[in-house]
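Peer 1: The structure under discussion is supplied below as structure tokens; questions concerning it will follow.
The values are calculated or read from the model by the stated rules, or taken from the named source; none is laboratory data. Being a predicted model, the structure only gives us computed values, none of them experimental. All Cβ positions, even for glycine, are placed from backbone atoms using ideal geometry, and neighbour counts span all protein chains on display. Side chains are part of the model used for accessible areas, which takes the heavy atoms of the whole protein and leaves out ligands, DNA and RNA. Shrake-Rupley method; radii C 1.70, N 1.55, O 1.52, S 1.80 Å.
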Amino acid sequence: MKRLFTEKKHHRRDVNPKIADDRLLGRLVKIGEWRAVADRFRQLPPLLRQGRIQGANLMTVDVVGVRPPPAIGDRLRIGPASEGTMAEIVSVGQAMASCVIFGDTARIAAGEVVELQPASGIRVGDGWRGRVVDPLGRPMDGGGPLRGGQAERMTRTAAPPAATRQRLGPPLGVGVRAIDAFCTMREGQRLGLFAASGIGKSTLLSTMARAAAFDTVVLGLIGERGRELREFIEDDLGPEGLARSVVVCATSDAPAAMRREAAYASLAVAEHFRDSGQRVLLLLDSVTRFALACREIGLAAGEPPATRGYPPSVFRELPALLERAGPGGPGCGSITALITVLVEGDDHDEPIADAVRGILDGHVVLDRRIAEGGRYPAVDVLRSLSRTVPGCLNAEQAALMRRARKVLALRDEVADLVRLGAYRPGTDAETDAALRAAPGIEQMLQQARGEVSTLEEAFSRLAQALSDAGV
């Protein structure tokens, strides 16, 4: 073939071109090479970005005919561009792929056209502050179009390289005295907030959102009750808190794909502001509902149930999500994260709580017994800890915190004896001092709704409570 085309290219100028073309065509026909080439081209599959739905159920949609074959994580559009819904591939086979959709499967029929979409993310910008968006970056607050950034940011990315990440920054206050004094946080730390339902997690998060130590607050509401969104924004967060916040919300009736995407989108928004050098507070409520959404998707994709019905992919997604928070690389800011964990039946050793506790840099426990006693926030300081405390408190603050913990521990040890009248004052000097100091510490831990404290105020009031009791 190469010799024949070379011969045609360099034919003598005095030969009639038509005669030369006929001569070349005749030689090709004789040897049959053109038929072989044509047959090879016919065997190549066309590149079709469209396919069709072969089947569907309440959770997944099966598609066929998309070429090149889609990969896990690719997006599809089902239906017309103006009215269609997005879907994401979660399982692939030799001829068929399964996907979960970001909408309702009730009106999806077999044979409907799907179209492979180019990789895309959300276009985040500083104009997102003060707005409420859904996981796909669409406004939910009726405030008009969002003012985006210059480039799209993918919602699923890897965490910054461990060897080049900055170290945790200085201690900072999150506005809650119980946390500031007993579980002091550092800039870039990730702390878990473990509680059952109805103990005041949302109110505690709204207090932290008003803390002055941060430039931007990103609040991810995953699986929240729909009626509570406006109440949380208008009553708990307030205009001042919302003005420097971005709220990403997927309510409890949203499809599993939307609830899962809400967590990824919240991290993407936080990473945008971190990469611009800001100190970001990420409040994610809750990672348990994220895990439940991942479980629904994993089981629908055919994964085997493992620990308490959770498929193995859930325990891969959790660290991949949570490791993205924290300090950034050189020249970047930080993401300080408060991650709430909704423990089932007050069981703090259930699989999700146990897995998350091993990933984060500390945990704060909210106790129903304390809440029923009327003290808010209902933080159980003896069961809560921050792994960064040794590196962020000075000697005086560390000694003060240890004394206060000892007081509360002694009070709890003899609480039943005191209640029954079996303990007499004067029996033990340390116990007597603890019983005198404990009410002052409890009063210091008490914080009204909307009241924002500072780190210095927390230790000052703790020192005053111990001093007043002579401890």
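Peer 1: Being in contact with a strand residue (DSSP E or B) (Cβ under 7 Å, 6 or more places away or on another chain) and among the hydroxyl-bearing types (Ser, Thr, Tyr) is the filter; apply it to the stretch 221-279 and report the residue that is nearest to Asp126 (Cα to Cα).
Peer 2: Ser245
Peer 1: If I ask for residues that are touching a residue at least 60 places away in the same chain (Cβ under 8 Å) and touching a helix residue (DSSP H, G or I) at 6+ places or on another chain (Cβ under 6 Å), which ones from the stretch 290-309 would you list?
Peer 2: Across the stretch 290-309, the qualifying residues are Phe290, Ala291, Ala293, Glu296, Ile297.
Peer 1: Given the stretch 155-273, what helices (runs of 4 or more DSSP H) lie entirely inside it while holding 1 or more residues that are in contact (Cβ under 8 Å) with a residue 12 or more places away in the chain and open to solvent by 20 Å² or more (accessible area, probe 1.4 Å)?
Peer 2: The helices (runs of 4 or more DSSP H) meeting that bar are 201-209, 228-231, 238-243.
Peer 1: Further question: Which residue, of Gly143, Gly149, Gly130, is open to solvent by 40 Å² or more (accessible area, probe 1.4 Å) and farther than 27 Å from Leu318 by Cα?
Peer 2: Gly143
Peer 1: Could you check the stretch 352-367 and list, in sequence order, the residues that are out of contact with any His (no Cβ under 8 Å at 6 or more places or on another chain), over 22 Å from Val452 (Cβ atoms) and surrounded by 15 or more Cβ atoms within 10 Å (Cβ to Cβ)?
Peer 2: Passing the criteria: Ile352, Ala353, Ala355, Val356, Ile359, Leu360, Asp361, His363, Asp367.
Peer 1: May I pose another question? Answer yes or no as to whether Arg123 is modelled with pLDDT of 90 or more and basic (Lys, Arg).
Peer 2: Considered against the rule, which asks whether it is modelled with pLDDT of 90 or more and basic (Lys, Arg), Arg123 comes out as no.
Peer 1: If a residue has to be among the small types (Gly, Ala, Ser), crowded, with 22+ Cβ neighbours inside 10 Å and over 30 Å from Ala211 (Cβ atoms) to count, how many in the stretch 281-325 make the cut?
Peer 2: Residues flagged as among the small types (Gly, Ala, Ser), crowded, with 22+ Cβ neighbours inside 10 Å and over 30 Å from Ala211 (Cβ atoms) within the stretch 281-325 amount to 1.
Peer 1: I need a count of the residues in the stretch 270-297 that are within 10 Å of the chain's Cα centre (by Cα) and either more than 24 Å from Ala355 (Cβ to Cβ) or not aliphatic (A, V, I, L, M) (or both).
Peer 2: Looking only at that region, the number is 3.
Peer 1: So, one more: Of all the residues that make up the stretch 384-411, how many are more than 21 Å from Leu366 (Cβ to Cβ) and polar (S, T, N, Q)?
Peer 2: Residues meeting the conditions: 2.
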